[in-house]
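Input: a single structure, listed below in structure tokens.
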Amino acid sequence: MRDVKHVPGRKSDVQDAQWLQQLHQHGLLRGSFRPRDGIVRLRAYLRHRERLIEYAASHIQPMQKALMQMNVQLHHVVSDIPGATGMRIIRAIVEGNHEPEQLAEFRDVRCAASEATIRAALTGNYRAEHVFALRHALELYDFRQTKITECDAEIEQVLRMLNEARETPTAPRPAARHAKAKNEPEFDARAALYMLLGGDLTQIHGFGAYTVLRLVAECGDDMSKWPTAKHFTSWLSLAPRNKVSGGRLLSSKTRRSSNRAATLLRIAAVNVGRTQTALGAFYRRLAARTGKAKAVTATARKLAILFYKALRFGMAYADPGASYYEERYRQRVIQHLQRRARHVGFTLVEDPAATAGVS
């Protein structure tokens, strides 16, 4: 619709549909991107899994509300209610254990709060109606988790089907760089992706196994659909959309889009901004100069290019480090200043004292 909204024609629903059909008959419409059948199945399962995760998360708030009505301030001492400590305590409360001393013993060793702090937060009024509401919310949460597990089994089966005709890469799989995500499937998605893609894309900073799996489901594993990386970033709506009239640039904003792959890349860009890498240094420099919104888009575009080149040409990712990027940026600034000085008839002279202070 974006390609034909400015084409003159009838605008009623029926006549507009007939007009689009006529354009399609004459080959004036561009086809939408659709990956191969196996990837389409994988995409459908992963999108359904995301909805199930959202449904499961919606039952955490009723659990927290029931606890607060019982004056149990568990959310103040446990940051993650559906975590190991929180779920052990909630299940014990539902089973009838309402003693703070006994409930605090369910604390996981990784929990930051001490057992005494948790014990104080669990002193409340365990009324029957609130425990009833807590039990219902917990049962609904467990039901959603069961469906997520069933969905994971289907995803694993699709990946196994996609890898049937693939040969195991001869190069050994690199060590894992990213920790396992919270909502990541239980099976080893990284091994399946390594065989499917012929390389380990999780070596790229910001790309965990679950992120790569969703990107492959949205974009496919065949990057030849896009002639260049610029075409790919334009499809993702991560490239500037230059509006020119009369030789004058009116706007260069990126096009609004609901592309799921672009959303994943933006989230990865935010995570990369916290790392001491070349991409992290790029994000921080751009965020300080133009704002975080533009920095996220620009970093997401760089990640998209890395993703494209890794799948299309098999290029391996090697991070030169934040210090290398900062030094290259410094050299570019110096060269720019030297060109400007020569243009106005001056010579740029280095100050040894200032240079020593910078280094």
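The values are calculated or read from the model by the stated rules, or taken from the named source; none is laboratory data. Please read these numbers as outputs of a predicted model, since none were measured by experiment. Quick reminder, even Gly has a Cβ in these numbers, built from the backbone with ideal geometry, and neighbours come from all protein chains shown.
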> When only residues in the stretch 278-294 that are closer than 16 Å to G321 by Cα and of a type in the set (D, E, K, R) count, which is surrounded by the most Cβ atoms within 10 Å (Cβ to Cβ)?
Replying inline: R284
>> Checking D319 against (1) closer than 17 Å to L213 by Cα; (2) part of a loop (DSSP other than H, G, I, E, B): exactly one of these is not met. Which one?
In response: (1)
> assigned to a helix (DSSP H, G or I) and surrounded by 15 or more Cβ atoms within 10 Å (Cβ to Cβ), is that true of I90?
Replying inline: yes
> Is it true that some residue in the stretch 137-158 is among the basic types (K, R) and either buried (at least 18 other Cβ atoms within 10 Å of the Cβ) or closer than 30 Å to D37 by Cβ (or both)?
Replying inline: yes
> Within the set of pairs 6 or more residues apart or between chains, which connect a residue that is over 11 Å from V72 (Cβ atoms) inside the stretch 109-127 to a residue that is surrounded by 16 or more Cβ atoms within 10 Å (Cβ to Cβ) and among the hydroxyl-bearing types (S, T, Y) with Cβ atoms less than 9 Å apart?
Replying inline: R110/T85; C111/T85; A113/T85
> Of the numbered conditions (1) within 28 Å of A153 (Cβ to Cβ); (2) of a type in the set (D, E); (3) at pLDDT below 95, E99 satisfies every one except a single condition; which is it?
Replying inline: (1)
>> Only one of T275, T297, T263 is within 16 Å of the chain's Cα centre (by Cα) and crowded, with 18+ Cβ neighbours inside 10 Å. Can you tell me which?
In response: T297
> Quick one: how many residues across the stretch 267-316 are part of a loop (DSSP other than H, G, I, E, B), touching a residue at least 60 places away in the same chain (Cβ under 8 Å) and among the small types (G, A, S)?
Replying inline: 2
>> Considering only the stretch 165-177, I want to know if a residue exists there that is part of a helix (DSSP H, G or I), modelled with pLDDT under 95, assigned by TED's automatic domain parsing to the domain that holds M315 and surrounded by fewer than 21 Cβ atoms within 10 Å (Cβ to Cβ).
In response: no
> Is it the case that R214 is among the charged types (D, E, K, R), at pLDDT 90 or above and either more than 14 Å from R301 (Cα to Cα) or assigned to a loop (DSSP other than H, G, I, E, B) (or both)?
Replying inline: yes
>> Filter the stretch 191-206 down to the residues that are touching a Phe, Trp or Tyr at 6+ places or on another chain (Cβ under 9 Å) and either assigned to a helix (DSSP H, G or I) or not assigned by TED's automatic domain parsing to the domain that holds R312 (or both) and list them by number.
In response: L201, T202, Q203
> Pairs, please: C-beta under 8 Å, at least 6 apart or cross-chain, first residue touching a residue at least 24 places away in the same chain (Cβ under 8 Å) and of a type outside the set (G, A, S) and in the stretch 225-246, second exposed (fewer than 13 other Cβ atoms within 10 Å of the Cβ) and assigned to a loop (DSSP other than H, G, I, E, B)?
Replying inline: K225/F33; W235/F33
>> I want to confirm something. Restricting to the stretch 159-184 and keeping residues that are within 22 Å of the chain's Cα centre (by Cα) and in contact (Cβ under 8 Å) with a residue 40 or more places away in the chain, which single residue is nearest to A209 (Cα to Cα)?
In response: N183
